[in-house]
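Note sheet for the following structure.
The values are calculated or read from the model by the stated rules, or taken from the named source; none is laboratory data. Computed from a predicted model, the values in this text were never measured in an experiment. For neighbour counting, all protein chains shown are included, and Cβ atoms are generated from backbone atoms with ideal geometry for every residue, glycine included.
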Amino acid sequence: MKQYHQLVENILSQGNYKPNRTASDTISKFSESYTIDLQEGFPLLTTKDMSGYRWKSLIYELLWYFSGEHHIRDFREHSKIWDAWADDDWNLPTAYGRFWRRYPLPQRKDQLEGEWWPNRDDWHGDAESWYDLPREKIEQVDRWINEEEDGRKTFDQVQYAIDTLNGDHPYRGPESRRIVITAWHPANAAISKLPPCHFTWVMNVQDGKLNTHLTQRSGDTALGIPFNIASYSLITHIIAEQTSLEVGKFSHTIVDAHLYCGKNARGEWYGDNMETLKEKIREASSSEDFLDVKNWIEQNAPEGETDKRGNPYDHVPGLMKQLSRESRERPSIEVADKSIDELEFEDIKVKDYNPHDGIKFGVAE
């Protein structure tokens, strides 16, 4: 997929050597954006294999998000990708679905004077009061408010988005420019072990097509970004199915777009050789050129470290191998016509996927 390959090239040809909170250094670039037309096929990368365990993890992760759970006790039966960030009881300090489906509303005693919140006693909207709304609209708004076990109330952002796109909002419809879903809570992020990376997304309808824009504060380009592209493109397909819309485009902005380049001496080598690397990437135009860059790194850089599975913390050589490959035709995706609360793994199928072999990358924790 040309957009992903261009992202990798942009980071390597224009980025900066940048140590970070993990022990693995990065090559980082500020603010990368691109748009993918979902009408041209499902954007599951073909220049490395994302089937098998990877695809299974992606689907179960998305279903976990939709569940609204704040722990991974059930999810980890299918994938271990979140284990490193959970506590001893498998709770996560930040869970995306917890904010997507159960974003906390302030209790009445905590609300400031003049603030507007959805509740029956203090309704704000086009109707003069909650009780002036038609009965079916009252029931619709009730669907967005969850009553937690301790009496607190939370807000279901995903259901709100679907209902708005379906025209079931009391005074907004699919033309709305306010269909925003966020996983970011500033107070939570201030102390969280790993606050959300892909933290907010906006849905927008143009010419009967559903488009999604994702904003990501930080992106691991070798491992995370291919997942994010596929996951949010799949979300667009799922919600389009729920709202009788066609899929349109997926647009993605990454604030800190980075590639991990290894630990200790291996990472520091990139810091000393960034200008040479940039020049080589700018001059590369063929598969052979990218493989030459890979060979130059492997012949000149200090030996790199690997994770416990033997996967390298330096992702750059693997990405050179990936850039040397030609993209193949995109697969297609099929999604059952079910609500987001009823979807199961078997309801989502990718078809005609023909990728190159997988490439190993170590996870920087």
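Do we find a residue being within 26 Å of PHE361 (Cβ to Cβ), polar (S, T, N, Q) and assigned to a strand (DSSP E or B) anywhere in the range 180-193? No, the range 180-193 has no match at all.
Taking the range 315-337 as the range and being in contact (Cβ under 8 Å) with a residue 60 or more places away in the chain, of a type in the set (A, V, I, L, M) and out of contact with any strand residue (DSSP E or B) (no Cβ under 9 Å at 6 or more places or on another chain) as the test, only LEU323 passes. In the set ARG54, ARG102, only one residue is farther than 23 Å from VAL8 by Cβ, out of contact with any Pro (no Cβ under 7 Å at 6 or more places or on another chain) and charged (D, E, K, R); that residue is ARG102.
For (1) at pLDDT 95 or above; (2) of a type in the set (A, V, I, L, M, F, W, C), each residue gets a yes or a no:
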residue: ALA183; (1), (2): yes, yes
residue: ILE191; (1), (2): no, yes
residue: GLY208; (1), (2): yes, no
residue: THR221; (1), (2): yes, no
residue: PRO226; (1), (2): yes, no
residue: ALA230; (1), (2): yes, yes
residue: VAL255; (1), (2): yes, yes
residue: TYR260; (1), (2): yes, no
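Could you look through the range 115-164, keep only residues that are part of a helix (DSSP H, G or I) and at pLDDT below 65, and pick out the one that is surrounded by the most Cβ atoms within 10 Å (Cβ to Cβ)? Residue satisfying both the conditions and the ranking: TRP130. Against the numbered list (1) of a type outside the set (A, V, I, L, M); (2) farther than 22 Å from LEU343 by Cβ; (3) out of contact with any strand residue (DSSP E or B) (no Cβ under 9 Å at 6 or more places or on another chain), SER24 comes up short only at (3).
Evaluate the following for THR35: is it among the polar types (S, T, N, Q), in contact with a Lys or Arg (Cβ under 8 Å, 6 or more places away or on another chain) and within 30 Å of GLN206 (Cα to Cα)?
Working: among the polar types (S, T, N, Q): yes; in contact with a Lys or Arg (Cβ under 8 Å, 6 or more places away or on another chain): yes; within 30 Å of GLN206 (Cα to Cα): yes.
Against the criterion (among the polar types (S, T, N, Q), in contact with a Lys or Arg (Cβ under 8 Å, 6 or more places away or on another chain) and within 30 Å of GLN206 (Cα to Cα)), THR35 qualifies.
In the range 187-204, the residues that are within 16 Å of ASP220 (Cβ to Cβ) reach residues that are among the small types (Gly, Ala, Ser) and surrounded by 15 or more Cβ atoms within 10 Å (Cβ to Cβ) with C-beta atoms within less than 6 angstrom, at least six apart or across chains, in these pairs: PRO195/ALA189; PRO196/ALA183; CYS197/SER218; PHE199/ALA183.
Looking at GLU288, is it touching a helix residue (DSSP H, G or I) at 6+ places or on another chain (Cβ under 7 Å), without any contact (Cβ under 8 Å) to a residue 40 or more places away in the chain and not in a strand (DSSP E or B)? Reasoning before the result, please.
Working: touching a helix residue (DSSP H, G or I) at 6+ places or on another chain (Cβ under 7 Å): no; without any contact (Cβ under 8 Å) to a residue 40 or more places away in the chain: yes; not in a strand (DSSP E or B): yes.
No; evaluated as a whole, the condition is false for this residue.
Close contacts from the range 235-250, counting a first residue that is free of Cβ contacts under 8 Å to residues at least 60 places away in the same chain and a second that is buried (at least 19 other Cβ atoms within 10 Å of the Cβ), with Cβ to Cβ under 8 Å and a gap of 6+ residues or different chains, come to ALA240/LEU210; ALA240/VAL247.
Given (1) within 22 Å of PHE345 (Cβ to Cβ); (2) crowded, with 18+ Cβ neighbours inside 10 Å, identify the lone condition not met by LEU12. It fails just one condition, (1). Cβ-Cβ distances below 7 Å connect the following pairs, each with a first residue in the range 296-313 that is of a type in the set (Gly, Ala, Ser), a second residue that is not in a loop (DSSP other than H, G, I, E, B), and a separation of six or more residues or different chains: ALA301/ARG266; ALA301/TRP269; GLY304/GLY262; GLY304/ARG266; GLY304/PRO312; GLY304/ASP314.
For ASN295, the conditions (1) part of a helix (DSSP H, G or I); (2) closer than 25 Å to ILE59 by Cα all hold with the exception of (2). The set of residues in the range 15-58 that are under 17 Å from GLY358 (Cβ atoms), crowded, with 16+ Cβ neighbours inside 10 Å and not hydroxyl-bearing (Ser, Thr, Tyr) comprises LEU44, LEU45, LYS48, ASP49, MET50, ARG54, TRP55, LEU58.
With ALA86, ALA95 as the choices, which residue is at pLDDT below 85, within 21 Å of the chain's Cα centre (by Cα) and of a type in the set (A, V, I, L, M)? Step by step, each of ALA86, ALA95 is checked, and only ALA95 is at pLDDT below 85, within 21 Å of the chain's Cα centre (by Cα) and of a type in the set (A, V, I, L, M).
Return the residue satisfying two criteria in turn: it lies in the range 257-274 and is surrounded by 18 or more Cβ atoms within 10 Å (Cβ to Cβ) and outside any helix (DSSP H, G or I), and of such residues it is farthest from the chain's Cα centre (by Cα). Filtering first and then ranking leaves LYS263.
Looking at the range 207-246 only, could you name the residues that are of a type in the set (Val, Ile, Thr) and surrounded by fewer than 21 Cβ atoms within 10 Å (Cβ to Cβ)? Once the filter is applied, which keeps residues that are of a type in the set (Val, Ile, Thr) and surrounded by fewer than 21 Cβ atoms within 10 Å (Cβ to Cβ), the range 207-246 yields THR215, THR243. Within the range 11-38, take every residue that is under 19 Å from PHE227 (Cα atoms) and in a helix (DSSP H, G or I) and give me the one that is farthest from the chain's Cα centre (by Cα). Looking at the filtered set, the residue picked out is ILE11.
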